[in-house]
Each structure stands twice: as C-alpha cells, then as structure tokens.
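Trainee: Quick one: this structure, given as structure tokens, is what I'll be asking you about.
The values are calculated or read from the model by the stated rules, or taken from the named source; none is laboratory data. Because the structure is predicted, anything quoted here is derived from the model rather than measured. Here the Cβ positions follow ideal geometry from the backbone for every residue, glycine too, while neighbour counts run over all protein chains shown. What goes into the accessible areas is simple: the full protein's heavy atoms, side chains included, and nothing from ligands, DNA or RNA. Shrake-Rupley method; radii C 1.70, N 1.55, O 1.52, S 1.80 Å.
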Amino acid sequence: MNERERRKAMALVPVSQLKPGSTLRADVVTPLGGLLFEKGSKIFEREIEILLAFFIEEVMVEEPHPQAKMFKTSITPSPEPLVLSQPQEEPITFEQQFQRTVKFYKEMFKSVQGGLPIALRELTEHLTELVKFPSEVSYIFNTITQSYPIEDYTYFHSISVSYLSVCLARWSRIEESEMLSIALAGALHDIGKSKISPEILNKTEQLSLSEKTELRKYPVYGYHLVKAVNPSSDSILLGVLQHQEREDGSGYPLGLPSSSIHPYAKLVAISDIFHAMCSSKSYKAGSSPYVVLEQLLSDSFGKLDPHFVRLFVDGMTQFSLGMEVELSDGTQGKIIYVDRSQPTRPMVEVQGNIINLMINRHVYIKRAII
C-alpha cells in the first residue's frame, strides 16, 4: 500500500458504527488522559461496550467505513493560531469537587424523581474530575466527616460510595481504564430510591413487611433507570442491580450466590456498608471508621467478599503511621506502630505513654485528626 492509499484507509468511525474486528489506527485515551486501548488493538463487542461507557464517540481505524469521515491532508500547513496567555486558575481541591458533584447529583436525583432520565453524560463529567484525585486518607475521611442536612444524606452517601469504590478498585489493582465505570456504579447504586415513596425512605421507626418489600425493589428500579440511558454497559448495570446481594445468597433482589455477583457490585457493597455505618442519621450517630473496619472483618465471612474486605481494611489503615488520632476515652495521640495482622488496633503514643490497642480492647480509635 502506497502513502496515498494508506491515508485513505485512515478513518474516524463512530463507535456505534464500528465493525467487530476493526483495528485501531491510534491510541484511545479516557477523559482522564489514561490509555484505554493501544494503537493496533482489535475492537470487538466488549471493547465497544467500554468505549461507549467512557463516552468515546469516534475512533481512528485502519479499514474504510461507509460512515467514516476521511482525514483531509493539506499541502500548505495552516498558520499557528495566536494564543493569548490566560491567568492560571487555582487548582480545584477535593472538597470543592466533591461538593460540586454532590450538588449536581442532588439536582439530578430530584429530576429523576420528577420523571426525567438520568443525566448520565453530565454525571460522568463530574465523576471524571473526582476520580482524578488519588486514594488518600485525607480525601477518604473527608467523605465521612462531611457536615450536611440529614435530608441530604442520600446525595452525600452516593458520591462518597462512588469515590470509596474507586479507592478499593485501585487497591485491588483493577485496571485504571475501569475506574470511571466503577465510579458510575457507585454513584448510581441508590438512584432507584428516587422511585420509592419518601414516606418509606424517611421513616425512622420499623418498616412494615409491605414497606420492606417495596424498599427492596430499589436496586431493580435503579437497574432500569440506568439501562434506559446506557443499555450497553452490563458492568455498571450489574453493579447497580446486585450491590445488595451477599456471598451466601442471603441478599436481594435475586438472592444470588457469590459466583454470580459482579465484581463491581462487590466493591460497591463494601463501600456502601462502610460509609453508611460511619455516617450519622436522624436515628443514630455514626460509628468510628476503625470500629466499622473491625466489624467488616468480623462480618465479612459469608456476607461480603473476604478478599475485597481485606484489601479495603489494609487500604484504609496503610496511611496510619504517624497519624494523630482521638481515642474513645477522649485522649489524643499519635500512631507509632501498626501490626498488619490487626491494622485497626495500632500502638498509640499519648503524652509519652504507649497504649497498645491490641491489649486494651475496651479503647478504640474514635477518629483521625486531619
């Protein structure tokens, strides 16, 4: 093939029109700038699903296509455009991006309650910015210690679960190309509650049997809401549908065993439980994250994926050395040693005295001082 023929064969093809077996002519990158697929990769159904999940509209392929927009070559290069220097903006903080995302999610949730579809593209843009932040303890505790009106819990919880799910995915060494899909599964895991009566959602006393039955339908409602705007991404759909399933088959809505539960749902389930237990609600105060981690370890057998639980606990405690903490007895100190076999029970120096929390079981870390 000569150079002219080679250029003709280079085409931008809409992802929705891709033929399975097409070969990429150039690298495909995510909105975060990460490499999604390398030049020369073959594109089949799963790759098309991933491209659609990341809202990649078109890619460059080797073969000609009836819907392709051919590149035009110019003999005379166009002059470089004049670019005026712009003042540098202050980089946005995690707190600012988190708050922006929660604000948007609240507006979207209310619009879905009113019958409008999920604004998936706009939500993706917000989450794209949020997951750029690394999995750091200061950001993680920021999601736990947020101050907000009780009635806004669902919105803060959903975005917190989204970020926590991404943190766990990274600790699990899942490919970075999947982070945005995992973030979407986490953010949308409770979207089905927009179709549940507020009287049931906000009820503080015990629910009746019929109310419990109705509440347990929300993962199915969420599945259909997401499918209506993104029918091709099974991973996100199953993350939303299955996040209340449990390893021993005792979960809902389908009572699936571990082997049938999608990994995204397992990640979201752990993040969901952790953040819910740490958060204050109208009827209870939130628990210490370190106490919650201990409960996750003890309760994971038969309920939550033990491999993911262990990675979550390790990830949440790997930053602890040197951290200032407040203990349950009101004293404050600094973590000086962490035993990896019991990471939630470190040694803490308090005013020159060493308190070994592995021995002093009646004392626990109440909060980290960040």
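Trainee: So how do Tyr337, Tyr264 rank on accessible area, 1.4 Å probe, biggest first, that is with the largest at the start?
Mentor: Working: Tyr337 105, Tyr264 10 Å².
The residues order as Tyr337, Tyr264, largest area first.
Trainee: Still on this structure, I have one more. Once you wrap a convex hull around the alpha carbon atoms of the chain, what is its projected area averaged over all directions, in nm²?
Mentor: Orientation-averaged projected area of the Cα hull: 24.4 nm².
Trainee: Once every DSSP H run of n ≥ 4 in the chain is given -39500 (n - 2.57) and the sum is divided by its residues, what mean residue ellipticity at 222 nm do you get, rounded to the nearest 500 deg cm²/dmol?
Mentor: -12500 deg cm²/dmol
Trainee: In whole percent, how big is the carbon plus sulfur part of the accessible area of segment 290-346, probe 1.4 Å, protein atoms only?
Mentor: Ligands and nucleic acids excluded, carbon and sulfur give 55 percent.
Trainee: Here's something else I'd like to know. Using a 1.4 Å probe, what is the accessible area per residue for the chain, in Å²? Don't skip to the answer; put the middle values down first.
Mentor: On the way: 19050 Å² over 370 residues.
Accessible area per residue: 51 Å².
Trainee: Right, next: What helices in the chain pass both tests, a Cα length along the helix axis of 20 Å or more and a mean Kyte hydropathy of -1.0 or higher, using whole DSSP H runs?
Mentor: In the chain, the long hydrophobic H runs are 94-113, 153-171, 263-278.
Trainee: While we're looking at this one, here's another question. Using just the C-alpha positions of segment 90-249 as equal point scatterers, what log10 of I(q)/I(0) does the Debye formula give at each q in 0.19, 0.21 1/Å?
Mentor: -1.30, -1.51
Trainee: Could you size up the charge dipole of the chain around its Cα centre, putting +1 on the beta carbon of Lys and Arg and -1 on that of Asp and Glu, and report it in debye to the nearest 20? All intermediate terms of the calculation are to be shown ahead of the outcome.
Mentor: Numbers: 38 positive and 44 negative charges, 91 e Å.
Using only the charged Cβ atoms, the result is roughly 440 debye.
Trainee: To continue, here is another question. If packing is taken as the average count of other Cβ atoms within 10 Å, what order do 340-348, 197-205 fall into, highest mean first?
Mentor: In descending order of packing, they fall as 340-348, 197-205.
Trainee: Can you check what the Kirkwood hydrodynamic radius comes to for segment 212-370, Cα pairs only, in Å to one decimal?
Mentor: The Cα-based Kirkwood calculation yields 17.4 Å.
Trainee: Continuing with the same structure: Keeping all protein chains in place and using 1.4 angstrom, which order do Tyr155, Tyr364 fall into by accessible surface area, from largest down?
Mentor: Tyr364, Tyr155
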